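Colleague: Once you've had a glance at the structure underneath, I'll fire off some questions.
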Amino acid sequence: MPRIERTAEVVWEGNLARGAGSISAGSGALGDLPYTLASRVENPDGKTSPEELLAAAHGGCFTMSLAGELTGAGTPPGRLDVHCRITMDEVEGRGHLIVHSALDVRADVPDVDEEAFAAAVDAAHQGCSFSSLLREAGVGIDITTTLES
């Protein structure tokens, strides 16, 4: 696989407490997503946060990795629904850090048994670059699964 690079543009105006910013993806897929301190630590009120974007990135990466593992095993998924929840918490002496990622996987995969599905989930977790990034940073990752077929 070739080296992959993606970009984002971030603008912030004002102080931390009352300022506001926007995040845009270089691809144009995300345009001027607003974010504030309140959207990070209180009610999002229709704005995003870096943690929400990390949840989307981890969930998206893991889902694609799982689809690849299942397809490679000859049991392509009919549908994968993955919910990712990122937790940021205060760590004594280190400030606020990402401490946990929870993936809740619901899968419709014809002709796969529980054992083969569990093996695909484990391989997907090992192969997902965001799972690797989070593991290397000491972030706990939990995966719950429901096989619906």
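Colleague: Just to be sure before I move on: is Glu115 surrounded by fewer than 12 Cβ atoms within 10 Å (Cβ to Cβ), modelled with pLDDT of 95 or more and part of a helix (DSSP H, G or I) in the structure I sent?
Modeller: Considered against the rule, which asks whether it is surrounded by fewer than 12 Cβ atoms within 10 Å (Cβ to Cβ), modelled with pLDDT of 95 or more and part of a helix (DSSP H, G or I), Glu115 comes out as yes.
Yes or no, residue by residue, for (1) in contact with an Asp or Glu (Cβ under 6 Å, 6 or more places away or on another chain); (2) in a strand (DSSP E or B); (3) charged (D, E, K, R):
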| site | (1), (2), (3) |
| --- | --- |
| Val10 | no, yes, no |
| Ser24 | yes, yes, no |
| Ala29 | no, no, no |
| Ala57 | no, no, no |
| Thr63 | no, no, no |
| Thr71 | no, no, no |
| Pro76 | no, no, no |
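Colleague: Follow-up question, since we're still on this one. Exactly one condition in (1) of a type outside the set (Phe, Trp, Tyr); (2) not assigned by TED's automatic domain parsing to the domain that holds Asp142; (3) not in a strand (DSSP E or B) is false for Ala67; which is it?
Modeller: (2)
Colleague: Condition (residue is surrounded by fewer than 16 Cβ atoms within 10 Å (Cβ to Cβ), in contact with a Lys or Arg (Cβ under 7 Å, 6 or more places away or on another chain) and not basic (Lys, Arg)) applied to the range 74-94: is it met by at least one residue?
Modeller: Yes, that holds for at least one residue.
The values are calculated or read from the model by the stated rules, or taken from the named source; none is laboratory data. Treat the numbers as computed from the prediction; the structure is a model and nothing was measured. Every residue, glycine as well, gets a Cβ built from its backbone with ideal geometry; the counts of neighbours run over all protein chains shown.
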